[in-house]
Amino acid sequence: MFGYRVPAPDEAMLISGGRRGLGGAPFRVVTGHGKFVLPIFRKTRFLTLSMCESEVTETCVTKQGISLHVRAVIAFKVGNDTESIVNAGQRFLSDQDQMSVLTGRIFAGHLRAIIGSMTVEEIVTERQKLAAEVLDTSKLEMAKIGLIVDSLQIQSIDDGDTGYIDAMSAPHKAAIQRQAQIAQAQATQASVEAEQVAARNQAEYARQTAIVKAEYSAEVDRAQAQAAQAGPLAQAHAQQEVLAAQTELAERAARLREQQLVAEIVRPAEAEAERIKVLAAADAERMKIQAEAAASHDRVALDRMLIDQLPLIVKEAAGGLAGANVNVLNGADGLGEIAAGLVAQGLTILDSVRQNLSGQGGRSDEGPRGEEQPGGPLELQGPSGAGKDTAPQASATG
């Protein structure tokens, strides 16, 4: 529209003519919106509110009297408030480039003053402190001209040919170089150790591989040897089992033959020996009876008869023992027990015969010779069943 003016977002529109601005300013300040301006009667100018930059390169003398070349960069702008815009507009509206020049001069002066109160070591090591002090001392002065500083950066500090900074940094450089050498040596040592470890690992791997191969080869050889020996071993085991079976069979045959020899030779011999013992005992008894008969004249006929009958009794007893089927359980001890029983039985029969003959002698002193008297021959009966392990029984029939 004709006569309607709108400032840019980073500009302030200054309208002069007509009524004055606020606070007695010679112009009205419009920002962020448009305004109707009468042509001819009003004049409109624009002041930038964008960021500006000023570079400062200054030679400063430190507290120690050492000259330093300092380079700094200042970022500033016109303040957004109306007072700052009015102050900046009155000073820089006709030549806004002067803002950078003036700002640089202001900061150069403050920079020289601050550096003059500090040592080189403080300036080098505490650059942020230097910038903060320069900003604090220049803030009031910059506000008077309507400018605000956003940042101050110390770009470089150089002592020229004096070499003070280099001398100051020499110990640090030496320490850094020493640390670098140590680090390099450690890195080299670590590299060598790593190579040695890798070599050892390779050697160990090669050794283990060789061992495994040797074990596999030995295992294959053992398997082949076992396979080759399997047939002969099996044959040898079979022969060993056959020999064991033959040995056991021979032992059984020997035991059987031993039992047969005992049954055929030992047992009959033992029985014959016992029979001889019985005959000897009977003969001894006969001799005893004869002696007693010789000592007693009253019983001559009785004793004579007993003497005549005694061989027959012994003979019958021995014959019964020889023809009996005798199975002895306790060996020689059992056979002795049987013989002793037979002798005792013969003696008992003899006593019985004496008593019978004595009873008949009252009626007649003699009897017919060759006739059987009561209490006749001894009858020996064997067991009823053959092959049973029972002892023979002897009985006298009256």
Please list, or write none, the lysines whose alpha carbon is within less than 24 Å of the alpha carbon of K63, excluding same-chain residues fewer than 8 places away.
K129, K139
I want the local charge near G104. Using Cβ-Cβ distances under 11 Å, sum +1 for each Lys or Arg and -1 for each Asp or Glu among the other residues.
-2
Using the Karplus curve 6.51 cos²θ - 1.76 cosθ + 1.60 with θ = phi - 60°, what ³J(HN,Hα) values do you get for each residue of region 173-184, in whole Hz, with x for Gly and Pro?
5, 5, 5, 5, 5, 4, 4, 5, 5, 4, 4, 5
Cut-off 14 Å, label point 7 angstrom out along Cα-to-Cβ of A230: give me the residues of region 195-222 whose amide nitrogen falls inside.
222
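Restricting things to alpha carbons, find the Rg to Rh ratio for region 192-279 using the Kirkwood radius for Rh. Each step should come with its number before you reach the end.
Values: Rg = 35.5 Å, Rh = 20.4 Å.
The Rg/Rh ratio comes out at 1.74.
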Per the 1.4 Å probe, what fraction of the accessible area of region 1-158, in percent, lies on carbon and sulfur atoms?
51
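Compute the Kirkwood hydrodynamic radius of region 150-302, taking the inverse of the mean of 1/r over all pairs of distinct Cα atoms, and give it in Å to one decimal.
Working: mean 1/r = 0.0331 Å⁻¹.
Taking every pair of different Cα atoms in region 150-302, averaging 1/r and inverting gives 30.3 Å.
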What spacing in nm lies between the two simple spin-label points modelled at A250 and K213, each 7 Å away from Cα in the Cβ direction?
5.5
With only alpha-carbon atoms counted, please give the Rg and Dmax of region 103-179, in Å.
15.7, 53
Gain on full stretching of the segment that runs from A180 to K144 - 0.36 nm per residue minus C-alpha separation
7.7 nm
Any residue on another chain or 5+ positions along whose placed amide H is under 5 Å from the amide H of F46 is listed here as L14
When the dipole is taken about the Cα centre of region 200-242, and only Lys, Arg (+1) and Asp, Glu (-1) are charged at their Cβ, what size is it in debye, to the nearest 20?
240
Given N residues in region 1-157, what is its alpha carbon radius of gyration divided by 2.2 N^0.38 Å?
1.29
Run a plain Debye calculation on region 89-234 (Cα atoms as equal point scatterers, no solvent) and give log10 I(q)/I(0) at q = 0.13 Å⁻¹, rounded to two decimals, same order as the q list.
-0.84
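The values are calculated or read from the model by the stated rules, or taken from the named source; none is laboratory data. On a predicted model such as this, the values are computed, not experimentally measured, just so you know. Cβ sites come from the backbone with ideal geometry, for glycine too, and all protein chains shown count toward neighbours. When the accessible area is computed, the model is the full protein with side chains, heavy atoms only, and any ligands, DNA or RNA have been set aside. Shrake-Rupley method; radii C 1.70, N 1.55, O 1.52, S 1.80 Å.
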